[in-house]
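Scroll down for the structure; my scribbles are underneath it.
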Ligand SMILES: *[C@@H]1O[C@H](CO)[C@@H](O)[C@H](O)[C@H]1NC(C)=O
Ligand SMILES: [Zn+2]
């Protein structure tokens, strides 16, 4: 805006500078004063109309968009902001949809056309998406089959590898659209190249088969976050369940859970606290040397369900004393947003503003859960709709800088922080963690 104002000011100066007659040209002073009088009157009338009635003019003829309360139409502003700071979504469930609907046959999946659920390439482009975490989720095992010590379901490692294969195969199938991203530099270069940065996230440490060695190999395959739990407890940490919630098992993190976080910090795998119990989240925030994320969680104060983050945890987020940098990426799942039938753009924006109020605007992001949820909020039906949410917040007074943080900047800062911690730990010679889960008997102890 200021550039444009300056531009117009300087072009006016040029006009005035060149509009006077040459000093010795013959001219009629009466005609001159009448013309100048008329021009002056017209200019004043124009300025009055623009200054006092600008807000009431239809958007398409607002000639001075930066004057008055609205900088522009919120929709136009949202698209403008997103063109420079596209969405980096913390959690999209396309791979599990491909498992359920296409038996993981990537050849049968046509992302260039209208997909059955919330995500495809045309809608990603319409929604100004610059990157997202592809969740390589597989569900918790049946608790009966799993047993109380989580020792049986190591086939979940196979299934996770299959979902990594699906995600990477789809990314490779559309090289003009997607680019695998292994860190923040990759995210930025993908966006600069007009590609959608594609990151991998594992949604629950139940997918590790109780093994920190598996974490290292997931990292080698490109995984950059692990959610400490899904809806079940696991060997590493307690979950919050879904609704009404579940009884704690470890009381937060287990001993091997703390070791898992140490190895995640060393590798540069983001600790994701969505789905965890409050005790797990609080302990992990204190234990982790690196900033953490909630890849897809909303605010419990706005809608009281266990999956949402309570204020007592939001208060621990920040960069002050005893606080950890973090980003809470708001989940759009209607059951976590509002009472039945009431989830819409306004109620999702209320979650964003509440997290911003308690933790700060630098600590909130977007983690839609698209393709992983059955229904969607009104107005946020799929990945093409992020601009409407950004427009809502723009209308509520968020600046373009604050919105650029929300859409992706905050996640990038947190991720950069985790990368830095990883570099420092490696430089300090911190060794890989070789701790074994104490309930395992299949490996003889030395
Ligand atoms: C996978 O999908 C392709 C394209 O629809 C089809 O030709 C192929 O037979 C499928 N493969 C299997 C194993 O179903
Ligand atoms: Zn989830």
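Read-outs: derived from the displayed coordinates by stated rules, not from any lab. Since this is a predicted model, take the numbers as computed values, not measurements. Neighbour counts are summed over all protein chains in view; Cβ atoms, including those assigned to glycine, are modelled from backbone coordinates with ideal geometry.
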Task: Value of Rg/Rh across the range 85-427 [Cα atoms, Kirkwood radius] - done: 0.93
Task: Equivalent-ellipsoid semi-axes of the range 245-317, from the Cα gyration tensor, Å, largest first - done: 21, 14, 10
TODO: Kindly rank 323-329, 345-351 from highest to lowest mean number of other beta carbons found within 10 Å of each residue.
DONE: 323-329, 345-351
Open item on the list: Between helix 2-19 and the chain, what is the angle of the helix's C-alpha long axis to the longest principal axis, kept within 0 to 90° and rounded to the nearest 10?
Closed with: 20
TODO: Tally the DSSP beta bridges in the range 237-345 and give the antiparallel ones as a percent, rounded to 5.
DONE: 25
Task: Cα centroid separation - the range 334-409 against the range 140-219, whole Å - done: 25
Task: Share, in percent, of DSSP beta bridges within the chain that are antiparallel, nearest 5 - done: 5
- [ ] Based solely on C-alpha atoms, express the radius of gyration and the Dmax of the range 99-212 in angstrom.
- [x] 16.1, 49
Task: Degrees between helix 410-427 axis and first principal axis of the chain (Cα, 0 to 90, nearest 10) - done: 50
TODO: Could you state the angle between the C-alpha long axis of helix 345-359 and the longest principal axis of the C-alpha atoms of the chain, as a value from 0 to 90 degrees rounded to the nearest 10?
DONE: 80
Open item on the list: I'd like the projected area of the range 65-140, averaged over all directions, using the convex hull of its alpha carbons. Report it in nm² with one decimal.
Closed with: 7.0
- [ ] Sort 362, 445 so that the residue with the fewest other Cβ atoms within 10 Å of its own Cβ comes first and the one with the most comes last.
- [x] 445, 362
Open item on the list: With 10 angstrom as the radius, rank 32, 440 by how many other C-beta atoms surround their C-beta, starting from the fewest.
Closed with: 32, 440
Task: Fewest-first ranking of 152, 376, using other Cβ atoms within 10 Å as the exposure measure - done: 152, 376
Open item on the list: What number does the range 301-408 give for Rg over Rh if you use C-alpha atoms and the Kirkwood radius?
Closed with: 0.95
TODO: Work out the FRET efficiency for residue 426 and residue 103 from their Cβ-Cβ distance, taking R0 = 56 Å, and round it to the nearest 0.05.
DONE: 0.90
Task: Scattering curve values for the range 134-178, log₁₀ I(q)/I(0), Debye with Cα scatterers, q = 0.13 Å⁻¹ - done: -0.40
- [ ] Sort the following peptides by mean Cβ neighbour count (other Cβ atoms within 10 Å, averaged over residues), highest first: 187-197, 419-429, 91-101.
- [x] 91-101, 187-197, 419-429
